[in-house]
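Q: Dumping the structure here so I can ask a few things about it.
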Amino acid sequence: MILDFRQSLARELLRRGVESRVISMTDERPLEVLVTHTREELQQALKNVKEPVPPDYGDAFLRVQEKWKHSLNCWSASPSIPGRVLSN
């Protein structure tokens, strides 16, 4: 039970860490990549990462991608992704 809780907490913290780096109000490129690339393209890019990453790192990215692809449900007239996200 404690091990399950710790694993769940570790996955949630990893997801939050990935999401906090991807969803930025100062640089829309990371979010734009998640929104404009397919799941398969993202998986291929994650396979090519050479640096050491935490367990389930790729899965965390895919979960963030899935969440934000469906969370962007309206668009403002803003010329940049951060402005559009802020309008949601």
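Q: What value does the range 3-58 have for Rg/Rh, both radii from Cα atoms and Rh as Kirkwood defines it?
A: Numbers: Rg = 12.9 Å, Rh = 12.7 Å.
For the range 3-58, the value is 1.01.
Q: Hey, another quick one. Could you check how much of the accessible area of the range 8-58 is carbon and sulfur, as a whole percent, using a 1.4 Å probe? It would help to have the intermediate numbers written out before the result.
A: Numbers: 2010 of 3720 Å².
Within the range 8-58, the accessible surface is 54 percent carbon and sulfur.
Q: So what is the accessible area of the range 1-58 per residue, in Å², with the probe set to 1.4 Å? Spell out each step's value before the answer.
A: Numbers: 4620 Å² over 58 residues.
Normalised by residue count, the accessible surface of the range 1-58 is 80 Å².
Q: For the range 51-66, just list the computed ³J(HN,Hα) in residue order, Karplus coefficients 6.51, -1.76 and 1.60, θ = phi - 60°, integers in Hz, with x standing in for Gly and Pro.
A: With the stated coefficients, the range 51-66 comes to 6, x, 10, x, x, 6, 4, x, 4, 5, 4, 5, 5, 5, 4, 4 Hz.
Q: Over the heavy atoms of SER24, what accessible area does a 1.4 Å probe trace out, to the nearest 10 Å²?
A: 30
Q: Give me the extension gain from ALA10 to THR36: residue separation times 0.36 nm, minus the current Cα-Cα distance, reported in nm with one decimal. Walk me through the numbers before you get to the answer.
A: On the way: separation 26, 0.36 × 26 = 9.36 nm, distance 2.77 nm.
Full extension of this stretch gives 6.6 nm more.
The values are calculated or read from the model by the stated rules, or taken from the named source; none is laboratory data. Predicted model only: the values in this text are computed from it and were never measured. Side chains are part of the model used for accessible areas, which takes the heavy atoms of the whole protein and leaves out ligands, DNA and RNA. Shrake-Rupley method; radii C 1.70, N 1.55, O 1.52, S 1.80 Å.
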